[in-house]
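The values are calculated or read from the model by the stated rules, or taken from the named source; none is laboratory data. On a predicted model such as this, the values are computed, not experimentally measured, just so you know. Virtual Cβ from ideal backbone geometry, glycine too; neighbours counted across all protein chains shown. We work out accessible area using only protein heavy atoms, side chains counted, and drop any ligands, DNA or RNA first. Shrake-Rupley method; radii C 1.70, N 1.55, O 1.52, S 1.80 Å.
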Amino acid sequence: MGGATSVDDETVIVHVQLRPRRGATRKCLAALAALAAEHESASVAVTGVSKDDRVVRLTVGVELGPRTAIAKFSPQAQAAYAFVSAMFTSLYDHMPVYTAEPSAEERAAAARLLETASRGAAHATGTEAGIEAVGGLPAPRGPHPSERVPA
């Protein structure tokens, strides 16, 4: 029965992916940073980045809190739900969708993107182009415990 307690205490993270057109990445990141600043009580992180010829896929992880607290609609869960709702409303132009947890490669790309942004790289290229002014984005999270391989 002890296993049920650990599952109940496990933190739940919902992932929402934004898909701005490549030319709108900076605008999307700036809007995401502004939205995160408006929702300070929500635990939010850019958890993944990938791209194709047309769009950049930015995955945002929003922490709902422990499963038992979510069921009781805790303040943390309420803040997370409010942030996700605001993402779907205010960032509608960037095609938000619920998605699975990002891969290790996408998490690494998010870390590089945010590192470049925090350094203020004025001449970044590729996915990082034009995001040097976006400093309010949270750091990516590590892999979910279910993804970790025991040592």
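Solvent-accessible surface of segment 7-61, taken per residue with a 1.4 Å probe and all protein chains present: 45 Å². A Förster radius of 22 Å, combined with the Cβ-Cβ distance separating residue 12 from residue 82, puts the computed FRET efficiency at roughly 0.90. Highest mean packing first, where packing is the average number of other Cβ atoms within 10 Å per residue, the peptides 63-71, 27-35 line up as 27-35, 63-71. The accessible area of residue 9, taken with all protein chains in place and a 1.4 Å probe, comes to roughly 90 Å². Computed over protein heavy atoms with a 1.4 Å probe, the carbon and sulfur contribution to the accessible area of segment 58-103 reaches 60%. Calculated on the alpha-carbon coordinates, the convex hull of segment 3-90 measures out at 88 cubic angstrom per residue.
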